[in-house]
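First comes the structure, then the notes that go with it.
The values are calculated or read from the model by the stated rules, or taken from the named source; none is laboratory data. Being a predicted model, the structure only gives us computed values, none of them experimental. Here the Cβ positions follow ideal geometry from the backbone for every residue, glycine too, while neighbour counts run over all protein chains shown. Only protein heavy atoms, including side chains, enter the accessible area calculation; ligands, DNA and RNA are left aside. Shrake-Rupley method; radii C 1.70, N 1.55, O 1.52, S 1.80 Å.
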4 protein chains.
Amino acid sequence: MTNINIGIIGYGYWGPNIVRNFAEIPQVQVTIISDLKPELLTKAQARYPTIQVTTNCRDIFTDPKINAVVIATPVSTHFDLALAALQAGKHVLVEKPMTVSSEQAIRLIEEAEKRNLVLMVDHTFVYTGAIRKMRDLVVTNAIGNIYYYDSVRVNLGLFQHDVNVIWDLAVHDLSIMNYILPSQPYAVSATGMSHVVGEPENIAYLTLFFEGNLIAHIHVNWLAPVKVRRTLIGGSQRMIVYNDLEPSEKVKVYDKGITVNGNNSAEKVYQMLIGYRTGDMWSPQLDMTEALRTEGLHFIECIEKGKRPITDGQAGFQVVKILEAATESMRTQGRLIELDKVGVAA
Amino acid sequence: MTNINIGIIGYGYWGPNIVRNFAEIPQVQVTIISDLKPELLTKAQARYPTIQVTTNCRDIFTDPKINAVVIATPVSTHFDLALAALQAGKHVLVEKPMTVSSEQAIRLIEEAEKRNLVLMVDHTFVYTGAIRKMRDLVVTNAIGNIYYYDSVRVNLGLFQHDVNVIWDLAVHDLSIMNYILPSQPYAVSATGMSHVVGEPENIAYLTLFFEGNLIAHIHVNWLAPVKVRRTLIGGSQRMIVYNDLEPSEKVKVYDKGITVNGNNSAEKVYQMLIGYRTGDMWSPQLDMTEALRTEGLHFIECIEKGKRPITDGQAGFQVVKILEAATESMRTQGRLIELDKVGVAA
Amino acid sequence: MTNINIGIIGYGYWGPNIVRNFAEIPQVQVTIISDLKPELLTKAQARYPTIQVTTNCRDIFTDPKINAVVIATPVSTHFDLALAALQAGKHVLVEKPMTVSSEQAIRLIEEAEKRNLVLMVDHTFVYTGAIRKMRDLVVTNAIGNIYYYDSVRVNLGLFQHDVNVIWDLAVHDLSIMNYILPSQPYAVSATGMSHVVGEPENIAYLTLFFEGNLIAHIHVNWLAPVKVRRTLIGGSQRMIVYNDLEPSEKVKVYDKGITVNGNNSAEKVYQMLIGYRTGDMWSPQLDMTEALRTEGLHFIECIEKGKRPITDGQAGFQVVKILEAATESMRTQGRLIELDKVGVAA
Amino acid sequence: MTNINIGIIGYGYWGPNIVRNFAEIPQVQVTIISDLKPELLTKAQARYPTIQVTTNCRDIFTDPKINAVVIATPVSTHFDLALAALQAGKHVLVEKPMTVSSEQAIRLIEEAEKRNLVLMVDHTFVYTGAIRKMRDLVVTNAIGNIYYYDSVRVNLGLFQHDVNVIWDLAVHDLSIMNYILPSQPYAVSATGMSHVVGEPENIAYLTLFFEGNLIAHIHVNWLAPVKVRRTLIGGSQRMIVYNDLEPSEKVKVYDKGITVNGNNSAEKVYQMLIGYRTGDMWSPQLDMTEALRTEGLHFIECIEKGKRPITDGQAGFQVVKILEAATESMRTQGRLIELDKVGVAA
């Protein structure tokens, strides 16, 4: 267990959580924090008097004792900062979405592979107890064949100005699906609307098509009167309701479904065809460890052991590719965009 | 107040509710019930010994004392039965969806107008206290400009075999929107999937586009682990959450929204642009009269006074037109279908 | 399987449900209905043209072909009617509460035993799927030692004039406890208040003490802004939340509790003593058969086979005894009333 | 606005919240923190490098620049510490419950009055937006005459070893009632049980009697499978449901109630007597300022202006008096304890 020195770029909304979690990992030293706003650095220093601060992130890249860089800045800056970090020989953990384009994502993946560095994307939900439990249920076939993934993620605010609501909120569901579902979507159709002149879309609906009969849908909205975070997953064996706002019982597994009876007499074919099966509901206890802690430990383990992260550059690229395609589809009122025609990762 | 004699065709799922409600209206006499299944007629007679029953619905059309006919049969039969009834000089109340095609709907509208007969469609929700209250809120401008209408209507079963889930469930939302919203949609994009080979789609998502910045979306699903009936309506002044499963407090009105500040200094444009406004929530008491009773009284009033029903043939046509277009869009994975290219009513 | 002829006394609130359920049991013939109000009998006859009606309940007692009588009248009349029915040789199913005093209950038990007739009390909840599942969980020791039973049963209305809220609402919980819990309480302390001058108490709180460390509490209220029907049952192994207003998932079983660690070092005794155990939650599927149907079948089976009903006269007596004691305690602001000093059944 | 130096005794569960809130008040300087556990002081110093720490609280009393002391230690130590602080001429804010006996509370009140010092008790809930809104509703007569206050406050853990569940949880409701209700209770009846041998009661039920027809009830439980924090307040004009676990809409005001009709004809007296009134529900927006901040500002204002705090020693005494009486009643299984026979404050 060697000591790892980490530099963190960006101390705005998410940065303090990142610093707090890495600061609590024994073999990690958060060495330096950079941010363009001096007042945020003052805050950081009051909280962590021993950590160095700077308004110039180049100080991080040029510091030879820094092993890894965490980038928690607006998405438009991710590519330049991550590329510079990799080129300086640092391992990189970058906020989601990984980049503003899939081409940029591919470029970062290539750079990391060439230099044998860890490139990880902060798909935070993947590291929660709820999502890991749901993946277990899928992998162990408790759900059976997956029929659909349906998510609603709406609330009032915060309107973004540089990205539409898909890049802000749907990115969570795309990263969750990327981890949970057995395959990648082949096409997307999206619709949406802006309700503030000159601003990006604040409400959007995405449908994702997969080979076979799996379909996914995501509803995101910055202008909803209530907060909703609910996902339904339907399968041939069981169905899941995941409500992230429940303090406990976030994941409920329903022993419900349909049975299709193939041996029908010719006459009564319609009445006999489909049966409904309802059984118990079960809500498994979840690991309540803070996701960022689990994620931080995983990042460090990948660095130490040369492992590939669960949410690696490829996962980040897959998500960005769908965000790009969904935005294009939304601007053409639902036109189907095939995903393999979007830039392909090596 | 003259006495009105009513014949009812179809005593399956919905028919008994129709008979019960019309039987309780003083000036109405439910005279005859027809159904193809003798066992259902036996049930009807046990319950209502004085009502005549028949397996031949022509007995209703040829009976000169019958003033009006209610049609509660599968949708594929609506056109022939309604047309025959109108041609026999009877007023007609027909189950939703009105017909299987917009052409059929137009034909019925024309027949009714030619004969000066009432043609009404059973858009039941329009006659509930909740929906009428919501229309009041829209009409009195309490909501302001409407930004979106978003509905989720999912549960386990009952799978239909002759129509897809849009015709079975989205028809409710379309009839509600037809009543509540200030304009008609100009185009639809829909996606969906069937999870039983050879059966119609059991999950579907519809986006409806309106002139201006109003967008509507409907999610319907026969294969969900939980029952959800929830509609969000966003407006510039207030927002509504309508949860039909709540025993009380079905409609909640939120004094919430955004304010857009146009007088920005050049520098802080992004931070200043959008403000969030949150105030009280208010849940108005609703008229709890059974919708079918209100609807039955309205049908009788239209017959007696020669009035046009709220849910007239035109409303039925508008809904069928969207159902047709949505089905076509769904089969082409979200292709935008413009609604004025679908058959136009006189 | 012989044919059983039943007479029903009282066609007010509950009577129609009783008639409907018995009418659907094959070997049962509802032969006659009596009620003091002719308008209710007119209703009954419209619904059931073949059933005889009368305003004189003596017609039932004197009819030799009647085997059993169901009494669904105000509680003050239960004793006289049940006694007359038993003396006429009829089996009896009587509404809850069984009688207005425990002495009356004992008298009925004695009369039924002397004549070898079935005497059953309509403790309806005992025949629901939820309560039967909860008893299974207790009997199979899934809950462990039971620590407490806590119930809230409140809503707005209907105020009774002849009995206080304990006799109207707490009777449900007492009958449920009588069925579920392994022992009888030995004392009760109750408090309450009337908010309408001259009327009985409309809010009340009962604590029941059992041998060992089991305690039960019931909160009943006719003047609550919301309807609540929730029971918590705590045990050494698991805990139950029973919410009767949930359309599904009425019963939730929590794998939660405390573990008491006896091997404490002297120093850290307090910190070490109690550990908290939390695990999965599980909501078993319930039999959704209407309780009155299950109960009716049980009554008939008891008559046919000479069996003792689950909710026999003794159960009815136990409940009445507690109602009496609770009312007495409430009027003395919580004074402890020992239950073995209340009239004892043979 | 003079500068006020504050010393804080106790840096366990609640202390860090107190320090954080006082540290953010401009004219306040948190000067020193004391705790018996050095490891907690290490934590405090890491977080607040400029604040002095000590294991000897006498260092606070003897420091002449300290103006006020906040005591956040176990209740058994409150009296000695508060008395010492007052005798040293410091203003005092003491955790709830104020003391372990009403006699001690009186002694502190007398000491503070003699020395003209502020003595405030940390009845935190009184400073929340929800409780202040509810008091407004009572004071402005929106609720009418108050009929009952009913609270449920249950969850799993944390078992206390030195005080029973009444002193730990019911203290919140008693402090809320002390602030909201128009009068003081005259007697209490309580029941409860311990489920761990040798430990204090972990479940308890309190009924409080007031002059007129107001009754209050509190259910507290450390061994419940779910967390509940719900209070019902019934009045002659409106009723309130206060659910502290709701993220928004914590307070709902129901325009519901009964109307008593005095002009009854002799015959139909029962049917006519009571009418039910149901109207809209309204959930007012609440001030979401952290209670401890509002409370801290109030403490400082009282010191600066010589004002009497809302939650003064008298309020603390009233609460302790009821806690004492309730514990006595609980140990005698509900025996009514009259509150004016408990020690009286000057």
Exercise. Only residues in the range D:328-340 that are touching a residue at least 12 places away in the same chain (Cβ under 8 Å) and more than 8 Å from chain C (Cβ to nearest Cβ) count as the first member; pair them with residues that are among the polar types (S, T, N, Q) and open to solvent by 50 Å² or more (accessible area, probe 1.4 Å), Cβ under 9 angstrom, at least 6 apart or cross-chain, and list the lot.
Key: D:339/D:184
Quiz item: Here are some conditions: (1) farther than 28 Å from residue A:191 by Cβ; (2) open to solvent by 30 Å² or more (accessible area, probe 1.4 Å); (3) in contact with a helix residue (DSSP H, G or I) (Cβ under 7 Å, 6 or more places away or on another chain); (4) not in a helix (DSSP H, G or I). Residue A:335 meets all but one. Which one does it not meet?
Solution: (1)
Quiz item: For the range C:243-256, what are the residues that are within 11 Å of chain D (Cβ to nearest Cβ), in contact (Cβ under 8 Å) with a residue 24 or more places away in the chain and either surrounded by fewer than 23 Cβ atoms within 10 Å (Cβ to Cβ) or at positive phi (or both)?
Solution: C:252, C:255
Quiz item: In the list B:139, B:100, B:154, which residue meets the criterion of being within 24 Å of residue B:225 (Cβ to Cβ) and at pLDDT 95 or above?
Solution: B:154
Quiz item: Where in the range A:1-62 are there strands (runs of 3 or more DSSP E), lying wholly inside it, with at least 2 residues that are surrounded by 19 or more Cβ atoms within 10 Å (Cβ to Cβ)?
Solution: A:4-9, A:28-34
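Could we say that residue D:183 is open to solvent by 20 Å² or more (accessible area, probe 1.4 Å) and over 24 Å from residue C:256 (Cβ atoms) here? Reasoning before the result, please.
Working: open to solvent by 20 Å² or more (accessible area, probe 1.4 Å): yes; over 24 Å from residue C:256 (Cβ atoms): yes.
Taking the combined requirement at face value, the residue satisfies it.
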Quiz item: Do you know which residues across the range D:204-214 are surrounded by fewer than 21 Cβ atoms within 10 Å (Cβ to Cβ) and either more than 9 Å from chain C (Cβ to nearest Cβ) or in a helix (DSSP H, G or I) (or both)?
Solution: D:210, D:211, D:212
Quiz item: Identify, please: which residue in the range A:149-173 is of a type in the set (S, T, N, Q) and in contact with a Ser or Thr (Cβ under 8 Å, 6 or more places away or on another chain) and is, among those, nearest to the other protein chains (Cβ to nearest Cβ)?
Solution: A:151
Quiz prompt | Where residue A:127 falls short, out of the listed (1) in contact with a Ser or Thr (Cβ under 7 Å, 6 or more places away or on another chain); (2) facing chain B (nearest Cβ under 9 Å) | solution = (2)
Quiz prompt | Top-ranked residue of the range C:186-203 - restricted to ones that are on the phi < 0 side of the Ramachandran plot and open to solvent by 20 Å² or more (accessible area, probe 1.4 Å), ranked as nearest to the other protein chains (Cβ to nearest Cβ) | solution = C:193
Quiz item: In the range D:273-295, which residue that is within 12 Å of chain B (Cβ to nearest Cβ) and of a type in the set (A, V, I, L, M) is surrounded by the most Cβ atoms within 10 Å (Cβ to Cβ)?
Solution: D:281
Self-check item: Subset of the range C:109-161 (residues that are among the aromatic types (Phe, Trp, Tyr) and either within 18 Å of the chain's Cα centre (by Cα) or assigned to a helix (DSSP H, G or I) (or both))
Solution: C:125, C:127, C:149
